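Each remark here refers to the structure printed beneath this line.
The values are calculated or read from the model by the stated rules, or taken from the named source; none is laboratory data. In this text the structure is predicted, and so the values were computed from the model without any measurement. Note that we place each Cβ from the backbone using ideal geometry, even for glycine, and neighbour counts take in every protein chain shown. Heads up: the accessible areas ignore ligands, DNA and RNA and are worked out on the full protein's heavy atoms, side chains in. Shrake-Rupley method; radii C 1.70, N 1.55, O 1.52, S 1.80 Å.
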Amino acid sequence: MARIANLLLALPVLCIMGMAKAGTITELPSHNGDSIFIETSCKSTRYRTVCVQSLLPYAYKIQRSPLQMALEALSVSLSRTKSADSFVSNLVKHKDLKPREQQPIDDCLKLMGDSIDRLSKSVQELRGISGANDRDFLWHISNVQTWVSAALTDDDTCLDGLAALDGEVKDSIRTRVSNVAEVTSNALALVDQLAKTHLE
């Protein structure tokens, strides 16, 4: 009985193997190539591990497109900036902050607000770049490079301002803003790489 049961369990697999051999079904596509593309592209970034980890979930969208790679990197940066902004805003509401702590946090919130605006414009700019001629393509890319670079400066300025803080508040904000700075730096590197790829 056990042999019969095992044979019955194996029948679906044997049928599928036979159909594949006969050419009546096709193999499921592999995403290994897409993952390799992401890992290779991330070599141009400063924070390679963060780059790979943040973009691998979007391999099915990126496939092997440098444009889509840069776009997804910008989307990750925008999403994490919004998340950090929301975290700091809630922190301000529920923490009894000292006057010397309030100002740098307010400055940080303003800077993150500016970053959100710049990154949002960058995503929209890159989404509309498909089909552009060389001159327009480079003009759009230049805009994105300027905005993302400014967003990265905002992150760095926010981190510098946190020196006035101490303890748990400082650590919790620094952790999130540092991650935002890393993914934004990576996004800028991938946009730069996209520009070079287009010129080749």
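The rows are residues; the columns are (1) without any contact (Cβ under 8 Å) to a residue 60 or more places away in the chain; (2) over 25 Å from Ala195 (Cβ atoms); (3) among the β-branched types (Val, Ile, Thr).
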position: Pro66; (1), (2), (3): no, no, no
position: Ser89; (1), (2), (3): yes, yes, no
position: Asp114; (1), (2), (3): yes, no, no
position: Leu119; (1), (2), (3): no, no, no
position: Leu138; (1), (2), (3): no, no, no
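Hey, could you check region 80-109 for residues that are of a type in the set (Asp, Glu) and surrounded by 14 or more Cβ atoms within 10 Å (Cβ to Cβ) and say which is farthest from Gly33 (Cα to Cα)?
Checked region 80-109; the qualifying residue farthest from Gly33 (Cα to Cα) is Glu101.
Against the numbered list (1) at pLDDT 95 or above; (2) open to solvent by less than 30 Å² (accessible area, probe 1.4 Å); (3) over 19 Å from the mean Cα position of the chain (by Cα), Ser77 comes up short only at (3). Being more than 18 Å from the chain's Cα centre (by Cα), closer than 19 Å to Ala84 by Cβ and open to solvent by 30 Å² or more (accessible area, probe 1.4 Å) holds for only one residue in Asp171, Asp117, Asp166, and it is Asp171.
Taken residue by residue, region 185-200 has no member that is of a type outside the set (Phe, Trp, Tyr) and more than 17 Å from Met69 (Cβ to Cβ). The set of residues in region 40-67 being polar (S, T, N, Q) and surrounded by fewer than 18 Cβ atoms within 10 Å (Cβ to Cβ) consists of Thr40, Ser44, Thr49, Gln53, Gln63, Ser65.
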